[in-house]
Amino acid sequence: MKTIGALNQNDAVDDSTRSIELVARGAEACIYRTPSGFLKERPKKSYRHPALDKELREGRTTREFRILQKAHSLGCHVPGVQQLDKTRLLLVEIQGDPVHAVIDQSPIIAHQIGREVAKLHQAHIIHGDLTTSNMIWRDGVVTLIDFGLAFSSQRVEDMAVDLHVLHQSLSSKHHGIEQYAWRHFLQGYRMWDGASEVILRLRTVQSRGRNKGS
């Protein structure tokens with residue numbers, strides 16, 4: 001059993017004897033609230049070949065754990081995590097407000113988002129789903145959550161696509177403040193040396209998106 005963050009090995013969930021509550025069901029994973037934190041489980045998929053299904057579920061669970069482990073060790077604000085077995089993780093429940101619920105009133109929060117994303121990219125971690133729904137705000141700190149699509153990459157293109165996803169999230173969900181919030185995000189993101197190259201590549205990514213839509 002592997003552990004990082006604010007969890008310890010005594011926090012393991014025995015879901016046969018302790019109450020759990022389903023709080024989210026995604027395409028690849030289910031999230032349960034337990035007395036010890038959030039249990040993330042990748043259930044079997046009957047439409048996939050059993051051997052392939054096992055490989056995908058176990059591989060994605062291990063990858064997510066290792067990425068969270070690396071991010072946590074480098075000072076990124078991410079949930080503490082414990083790998084219970086090959087397809088289940090136990091995550092610390094982060095207290096606070098979802099960023100999507102508060103950023104319209106306080107768009108300056110985007111500055112802290114920029115700093116957190118910069119830490120990830122500096123560590124060559126791509127989140128893969130940077131939306132304001134996957135961030136928690138509390139006491140001046142943004143915690144990034146849901147690393148189910150995350151992967152490791154040194155490619156500037158992958159980092160630019162990460163930013164593109166966030167920009168689209170701001171534009172679609174926070175239409176009134178997206179430009180102001182984006183300026184604050186870029187100010188925070190520029191804390192790392194590679195920021196300028198990523199931002200420049202972002203323009204190319206956005207241009208491709210506009211051309212596809214025309």
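Values as computed for the structure displayed
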{"item": "Residue check for LEU89: part of a helix (DSSP H, G or I) and free of Cβ contacts under 8 Å to residues at least 60 places away in the same chain", "result": "no"}
{"item": "Looking only at region 151-168, and only at residues there that are assigned to a helix (DSSP H, G or I) and either over 16 Å from the mean Cα position of the chain (by Cα) or without any contact (Cβ under 8 Å) to a residue 40 or more places away in the chain (or both), the one that is surrounded by the fewest Cβ atoms within 10 Å (Cβ to Cβ)", "result": "GLU157"}
{"item": "Which numbered condition TRP192 fails, given (1) in a helix (DSSP H, G or I); (2) farther than 21 Å from GLN105 by Cα", "result": "(1)"}
{"item": "Test: residue in region 166-173 that is within 30 Å of THR62 (Cβ to Cβ), among the hydrophobic types (A, V, I, L, M, F, W, C), touching a Lys or Arg at 6+ places or on another chain (Cβ under 8 Å) and at pLDDT 95 or above", "result": "no"}
{"item": "Residues satisfying the stated conditions in region 169-182, i.e. without any contact (Cβ under 8 Å) to a residue 12 or more places away in the chain and either surrounded by fewer than 17 Cβ atoms within 10 Å (Cβ to Cβ) or within 19 Å of GLN122 (Cα to Cα) (or both)", "result": "SER171, SER172, HIS175, GLN179"}
{"item": "Residue match in region 111-123 (condition: touching a residue at least 40 places away in the same chain (Cβ under 8 Å) and part of a strand (DSSP E or B))", "result": "no"}
{"item": "Test: residue in region 70-84 that is touching a Cys at 6+ places or on another chain (Cβ under 6 Å), surrounded by 15 or more Cβ atoms within 10 Å (Cβ to Cβ) and at pLDDT 95 or above", "result": "no"}
{"item": "Residue match in region 91-104 (condition: under 18 Å from GLN154 (Cα atoms), surrounded by fewer than 19 Cβ atoms within 10 Å (Cβ to Cβ), in the same structural domain as ARG155 (by TED's automatic domain parsing) and of a type outside the set (Phe, Trp, Tyr))", "result": "no"}
{"item": "Residue match in region 183-191 (condition: assigned by TED's automatic domain parsing to the domain that holds ILE103, modelled with pLDDT of 95 or more, among the small types (Gly, Ala, Ser) and closer than 30 Å to GLU58 by Cα)", "result": "no"}
{"item": "Any pair with Cβ under 6 angstrom, 6 or more apart, that starts in region 37-61 at a residue that is among the hydroxyl-bearing types (Ser, Thr, Tyr) and ends at one that is surrounded by 14 or more Cβ atoms within 10 Å (Cβ to Cβ) and modelled with pLDDT of 95 or more", "result": "THR61/ARG42; THR61/THR87"}
{"item": "Residue within region 140-150 that is charged (D, E, K, R) and surrounded by fewer than 16 Cβ atoms within 10 Å (Cβ to Cβ) present", "result": "no"}
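The values are calculated or read from the model by the stated rules, or taken from the named source; none is laboratory data. Not measured: the values here are computed from a predicted model. Heads up, the Cβs are rebuilt from the backbone with ideal geometry, glycines too, and the neighbour counts pull from every protein chain shown.
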